[in-house]
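**Student:** Just passing along the structure, written as structure tokens.
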């Protein structure tokens, strides 16, 4: 079993008996400075306050008042004993909460669908005082008519505004809420005194978002949709990149082929030009030879 739940159960059990010191024996609540003020002698009152709440509530009785403190007046002893009885029922024997909100899971939810600002939550709950859990000040147990509130608009105490969004859909949990995250110095009805720490056992039975009641696993399905969409996007990017690379390769091949063709054409033109030049040279040589032969013939004829 979850150790936090065990500790909470121990706290609740200890709170049922105000004569006990609570979940932590080392903690002792202070006796108010004005306790029994004006009802008994100030010296006797201060002497009892100095003894501390544990001693006064657990050890002081009529015999102690008479034999140890020397109070012979029965009316005075009766007044003190009545004051001690009231002290037992009003002192908060649990140590002050260090965290404003403590969430202890009782039953797991879907583990993925969590409330967001603006959502309407459907909640079953039972609220008790931390120092006296036998007093249930409010509850809603009808699953057909759960309590509904919108997150983030200030319609409930801060402990609910910040505590409920930590629960996933269908989760059941215990919320321990420090008084400044509950009603603070205000008296709420007959059962919630000022500065009361509260404990709620809550179950998040529904989340309504944009007019749609979410199904368990909604966020998991949405996450899967996003993963599929992301894979498709990555695939499309990869295919587009590969197509661009192929097009670039084809363009480079075409450019290279065109360059080769131009080089071949230039070479052909050069060879053709060279051939024409050589032909002209041969023709010129032939003409020169014919001319030379003619001139030689004419010279011979002149000799004869």
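Taken together, the values in this text are just the output of simple stated rules run on the coordinates, not laboratory data. Quick caveat, the model's predicted, so the values are computed rather than measured. Cβ sites come from the backbone with ideal geometry, for glycine too, and all protein chains shown count toward neighbours.
**Student:** Between residue 58 and residue 180, what is 0.36 nm times their sequence separation minus the Cα-Cα distance? Round to one decimal in nm.
**Tutor:** 40.9 nm
**Student:** Residues of region 198-242 with the amide nitrogen closer than 18 Å to a label point 7 Å from the Cα of residue 137, along Cα-to-Cβ, please.
**Tutor:** 198-202
**Student:** Then there's this: State, to one decimal in nm, how far the label point of residue 262 lies from the label point of residue 98, with both points 7 Å from Cα in the Cβ direction.
**Tutor:** Each label point is offset 7 Å from its Cα along the Cβ direction, giving 8.0 nm.
**Student:** What FRET efficiency comes out for residue 220 versus residue 153 if R0 is 25 angstrom and r is the Cβ-Cβ distance? Round to the nearest 0.05.
**Tutor:** About 0.35, to the nearest 0.05.
**Student:** In nanometres, what is the gap between the two model label sites at residue 238 and residue 66, each 7 Å from Cα along Cα-to-Cβ?
**Tutor:** The modelled label-to-label distance comes out at 9.3 nm.
**Student:** How do 140-148, 177-185 rank on mean C-beta neighbours within 10 Å, highest first?
**Tutor:** Sorting 140-148, 177-185 by mean packing, highest first, produces 177-185, 140-148.
**Student:** When only Cα pairs under 8 Å and 6 or more residues apart are kept, what is the percent relative contact order across region 105-172?
**Tutor:** 50
**Student:** Just to verify a number: FRET efficiency for residue 50 and residue 188, C-beta to C-beta distance, R0 = 30 Å, to 0.05?
**Tutor:** FRET efficiency, residue 50 to residue 188: 0.30.
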